[in-house]
1. Please build a GNM for the chain, connecting alpha carbons under 10 Å apart, and tell me which residue among ALA65, ALA48, ALA232 fluctuates the most.
2. Roughly what % of Cα-Cα distances in segment 176-243 sit above 14 Å, to the whole percent?
3. For segment 93-110, in order, what is each residue's ³J(HN,Hα) by Karplus, 6.51 cos²θ - 1.76 cosθ + 1.60 with θ = phi - 60°, in whole Hz (x at glycine and Pro)?
4. Roughly how tilted is helix 291-302, in degrees to the nearest 10 and between 0 and 90, from the longest Cα axis of the chain?
5. Taking the Cα of ARG259, stepping 7 Å toward and past its beta carbon, and measuring to each backbone N in segment 233-247: which are under 17 Å?
6. Using Cα-only point scatterers and the Debye equation, what is log10 of I(q)/I(0) for segment 245-312 at each q in 0.26, 0.29 Å⁻¹, rounded to two decimals?
7. Hey, with R₀ at 51 Å, roughly what FRET efficiency would THR278 and GLU109 work out to, going by the Cβ-Cβ distance, to 0.05?
8. Which cross-chain or sequence-distant (5 or more) residues have an amide H under 5 Å from the amide H of TYR102, H modelled 1.01 Å from N in plane?
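Rule-based calculations on the coordinates, nothing more; no lab input. Fair warning: this is a prediction, and the values are worked out from it, not measured in the lab. Glycine also receives a Cβ, built like all others from the backbone with ideal geometry; neighbour counts cover every protein chain displayed.
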Amino acid sequence: MSDDWDEIKDWSTKVYMPYKVSPTGSFDRPISTMHSAKIGRITVTRFAYGIPVNIKDWSQDAGNAVVLTTIGGTARHWVDQENAVETGVGGSFVVDCSRTDYNVDFDPEHLQLNLTIPHAVLEQVCKDWFGFVPGDALWQHKCRIGGENSSWLALMHYVVACLTEAPDRLAHDRAGRHLEQTICIHLLNEWAARAGQGLDNPVNSLAPRTVRLAEQYMTDNAPHLPLMSDVAAAAGTSIRSLTAAFRKFRNYTPSDYLREQRLQGVRRDLLQSGAAQTVSQIAYRWGYISLGEFAKAYKARFGELPSDSLRR
């Protein structure tokens, strides 16, 4: 238990990732309880601040997804600037903080059982079990899962029982890795269903090499705004064939993919730059020439102006 903000910040940075937390009520000193254990590469945490708080600006560089299960009080998870989802006791919320921003409010009675899962682990499970790695349509989708009498909540009860019986073994032995995979597979299926993604759809595993090469090339070169002819050449195909493959296997065009990578890159830089840089400097670095068109596209995608993100 701790009422020291610095101690709590140090602990949560090591267990979760860096983020900003601030009290939202009349209390200014937390009464925090903190416990964590490992299941393979997943960190399981039982955590409460003891006062109402807002948490935002979770570090994307840490490369983690989080699943927050409410076991006391309520939590309000912001899907965007205007819409929020509440979880009461037994409800869970999933967000990949390595791919999108996250903002949550906890009431004074909140108590959380949270999973911190490296994004790389989720990608590997997708490759091993489903034969492909989903795109940002999944990773950027924030949603509620589980709930009372759900199989996900039953799995969380099982996880707690396993940790109670063998808290040290599950971090390193074979049983821990098996449980890690069970958690990830169940999570991915629940998550994908709510994101409208079919992980078992054979179309996904058949996505041609040209599509994957093009995605990698656009991800690596997004700030330089590559021409579609360059993308197609890197993938070893024509623009027409590449566009048709993207529409068939990804349900969007190569240009859509590149646009999303650039907007996400700008957002990461805006949220992490502080006062050292201006919006225009960051936008120019990602290949935007017209600041007016950029601001319009940014607000349509994220629900706020670039200057609002920079101030945060």
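1. ALA232
2. Of all Cα-Cα distances in segment 176-243, 68 percent exceed 14 Å.
3. With coefficients 6.51, -1.76 and 1.60, one gets 9, 10, 8, 9, 5, 7, 10, 7, 7, 7, 9, 9, 10, 10, 7, x, 9, 5 Hz.
4. Between helix and principal axis, roughly 40 degrees.
5. 243-244, 246-247
6. Log10 of I(q)/I(0), two decimals: -1.13, -1.34.
7. That pair, THR278 with GLU109, gives E of 0.75.
8. When sequence neighbours closer than 5 places are left aside, the close amide H contacts are ASP57, TRP58.
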